[in-house]
1. Got at least one residue in region 216-239 being at pLDDT below 90 and open to solvent by 30 Å² or more (accessible area, probe 1.4 Å)?
2. When you look at Gln196, is it among the polar types (S, T, N, Q), at pLDDT below 90, open to solvent by 50 Å² or more (accessible area, probe 1.4 Å) and closer than 27 Å to Glu44 by Cβ, yes or no?
3. Go through region 1-119 and tell me which helices (runs of 4 or more DSSP H), entirely inside it, have 3 or more residues that are open to solvent by 40 Å² or more (accessible area, probe 1.4 Å) and at pLDDT 85 or above.
4. Scan (1) over 30 Å from Tyr215 (Cβ atoms); (2) of a type in the set (A, V, I, L, M); (3) assigned to a loop (DSSP other than H, G, I, E, B) for the single condition Leu171 breaks and write down its number.
Amino acid sequence: MPLFGNKPGDGAATWEPQAAEGRLAQTAGAAPAGVFTSDLSVSEYVLLGEAGFEPLGFVVGSSIYHIGIQVGRWSQNQELQVLTQAMYNARELAMTRMQAEADHLGADGIVGVQLRLQSYVWGQGVLEFIATGTAVRALGSTGGGTGGAHRAPNGQAFTSDLSAQDFFRLLAAGAVPVAFVLGVCVYHIAHQSAMQSLRQAGQNQEMVIFTQGIYEARELALARMQAEATQAKSSGIVGVNVAVNNHVWGEHATEFLATGTAIRRLADEHRLPETSPKPTFTLGLDS
């Protein structure tokens with residue numbers, strides 16, 4: 001899945017979690033009498049049903065990763081490729097394990113994907129990468145499913161960070177999510193010399209070397225996200241967001257993370273009918 005460097009586990013032994021098997025075995029989709037679990041609100045649950053989908057289970061993927069050390073020339077702008085690859089691989093491990101849980105439940109997709117980081121006091125330089133979402137299944141007009149028509153082109157469950165409301169609107173427009181795509185770049189911004197700082201003291205002027213570095217880092221992250229969408233055989237990306245994260249590498253090393261949901265057009269027979277109810281705007285009076 002990742003386009004930067006090797007895929008998670010390439011050339012090394014990998015561990016696959018077994019702890020979730022008991023929970024998944026009692027979840028809707030895996031057992032006829034299983035109950036569904038989800039992180040959906042009541043409104044989202046109702047709207048998901050209106051869109052012709054049912055929730056199957058809350059799915060999780062996790063990877064605790066040690067971020068390595070990279071030495072570079074601090075007097076110039078440069079990508080820290082060792083750190084970029086670590087951040088990429090760790091997230092992909094979490095995403096792959098979440099998707100494996102959804103596939104185990106026979107899901108057509110995962111909605112409301114959240115990708116976050118967690119640190120622990122017992123692990124300096126160690127981060128947990130967590131991917132969560134709700135696995136869902138398309139019911140179709142007969143309630144018997146759609147034969148995987150809503151899945152990604154590779155046959156796996158789609159992934160999406162869209163809310164249930166935006167997911168409904170996307171289906172109503174005749175499109176479906178393909179994959180939650182991301183691009184990562186960890187970049188070192190060059191240190192200014194003492195003479196440069198003195199010359200700029202008290203003056204209004206652009207910090208060109210900083211602008212150039214930040215520009216290049218963002219473009220690398222966005223280009224990698226776009227390449228993932230192309231690889232997933234999508235037609236576009238909605239909900240693009242570029243986040244800037246500072247972790248444990250020092251004040252001049254910054255991570256740029258570009259994320260979004262890649263989408264594709266649905267065949268006419270699988271689009272929501274024109275008579276489907278439309279979401280309406282409501283204004284609360286309690287705030």
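The values are calculated or read from the model by the stated rules, or taken from the named source; none is laboratory data. Since the model is a prediction, treat every value here as computed from it, not as a measurement. Here Cβ is always computed from backbone atoms with ideal geometry, including for glycine, and neighbour counts include all displayed protein chains. Accessible surface is based on the protein model in full, side chains and every heavy atom, while ligands, DNA and RNA are left aside. Shrake-Rupley method; radii C 1.70, N 1.55, O 1.52, S 1.80 Å.
1. For region 216-239, residues at pLDDT below 90 and open to solvent by 30 Å² or more (accessible area, probe 1.4 Å): absent.
2. Here the answer is no, as Gln196 does not meet what is asked.
3. Here the list reads 42-50, 81-104.
4. (3)
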